[in-house]
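Enquirer: Take a look at this one; I'll ask things after.
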Amino acid sequence: MKVENYSRLQIVLHWLVAVLLVGSYLSSDAMKDGWRAFLRGQEYASTGVQAHVIFGITILTLLAVRLILRYWQGVPDAPVGGSPLLARAAGAMHWALYAVLILIPVSGMLAWFGEIRDAGDVHEVLFNVLIALVAMHTAAALFHHYVLRDGLLRRMIRFS
């Protein structure tokens with residue numbers, strides 16, 4: 001399916017997941033403290049722990065909706081006249097982001113609800129990978145906007 005811009009819902013989900021990731025990051029210290037207390041058999045419930053779990057489950061749910069919308073509604077093609085290499089790199093970057101955004105909450109749930117210690121370690125590593133991917137994604141969007149001036153960034157900030 002050929003589309004010019006992302007749909008209103010795709011854009012809202014993109015930015016909502018970004019905001020929830022900030023909330024998840026801000027609650028991560030409380031979750032680490034809760035995890036350590038849990039492993040020692042101590043009281044671990046806190047608002048920060050609950051928030052972190054809710055952020056993760058919500059991110060996973062919204063990402064599932066986003067992927068369904070991507071399949072049903074499609075996504076815009078790479079900018080006209082752009083480099084085929086950049087287009088392939090962008091595609092790989094998007095799928096890497098989706099994969100990590102799925103694996104982070106899954107590993108977190110396996111650690112927390114499944115009591116799998118190694119899954120908690122994987123969860124932390126994946127979040128660091130996500131930070132690197134988000135930084136590259138942001139840098140690429142800004143490069144397209146300010147250097148290439150190809151209108152790519154406008155597709156994610158303007159409703160169609």
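Enquirer: Could you give me the percent of Cα pairs per 5 Å distance bin for region 107-149, shortest bin first, beginning at zero and ending with the bin that holds the maximum distance?
Expert: Bin by bin from 0 Å, the calculated values are 6, 23, 15, 12, 11, 10, 9, 7, 5, 2.
Enquirer: Ok, one more. How are the alpha carbon pair distances in region 1-66 distributed across 10 Å bins from zero to the largest one, expressed in percent?
Expert: Histogram of Cα-Cα distances, whole percents per bin: 21, 38, 23, 12, 5, 1.
Enquirer: Quick check: net charge around GLU124, other residues with Cβ under 15 Å of its Cβ, Lys/Arg +1 and Asp/Glu -1? Each step should come with its number before you reach the end.
Expert: Values: positive: LYS32, ARG36, ARG117; negative: ASP29, ASP33, ASP118, ASP121.
Around GLU124, the charge tally is -1.
Enquirer: Extent of the chain along each principal axis, from alpha carbon coordinates, in Å, largest to smallest?
Expert: So the three principal-axis extents are 59, 25, 22 Å.
Enquirer: Nearest 10 degrees is fine. How inclined is helix 47-73 to the longest principal axis of the chain, computing both from alpha carbons?
Expert: 30 degrees
Enquirer: Continuing with this model, one more query. Among LEU97, LEU26, GLY81, pick out the residue whose Cα is farthest towards the positive end of the charge dipole of the chain, where Lys and Arg carry +1 and Asp and Glu carry -1 on C-beta, about the Cα centre.
Expert: It is GLY81, whose Cα lies furthest towards the positive end.
Enquirer: Among 65-76, 80-91, 101-112, how do they line up by average Cβ neighbours within 10 Å per residue, starting with the highest?
Expert: On the way: 65-76: 14.1, 80-91: 11.8, 101-112: 20.0.
Per-residue Cβ counts within 10 Å, averaged per peptide and sorted highest first, yield 101-112, 65-76, 80-91.
Enquirer: Quote the relative contact order of the chain in percent (integer), defining contacts as alpha-carbon pairs under 8 Å separated by 6+ residues.
Expert: Working: 137 pairs, mean separation 47.1, N = 160.
This gives 29 percent for the chain.
Enquirer: Can you give me the distance in nm between label points at ALA45 and GLU4, each placed 7 Å from the Cα along the Cα-to-Cβ direction?
Expert: So the label points at ALA45 and GLU4 sit 5.3 nm apart.
Enquirer: Ignoring ligands, DNA and RNA, what percent of the accessible area of region 1-131 is carbon or sulfur (1.4 Å)? Could the numbers behind the result be given before it?
Expert: Working: 5290 of 7880 Å².
So the carbon and sulfur contribution to the accessible surface is 67 percent.
Enquirer: When Lys and Arg each count +1 and Asp and Glu each count -1, what net charge do the other residues less than 15 Å away from PRO84, Cβ to Cβ, add up to? Walk me through the numbers on the way to the answer.
Expert: On the way: positive: ARG88; negative: ASP77, ASP150.
Charge balance near PRO84 sits at -1.
Enquirer: Any idea what the relative contact order of region 53-131 is, in percent, if you count C-alpha pairs under 8 Å spaced at least 6 apart?
Expert: 31 percent
The values are calculated or read from the model by the stated rules, or taken from the named source; none is laboratory data. Here the structure is a predicted model, which is why all the values come from computation and not from measurement. No Cβ is skipped: glycine too gets one built from the backbone with ideal geometry, and neighbour counts run over all protein chains shown. With ligands, DNA and RNA removed, areas are computed over all heavy atoms of the protein, side chains included. Shrake-Rupley method; radii C 1.70, N 1.55, O 1.52, S 1.80 Å.
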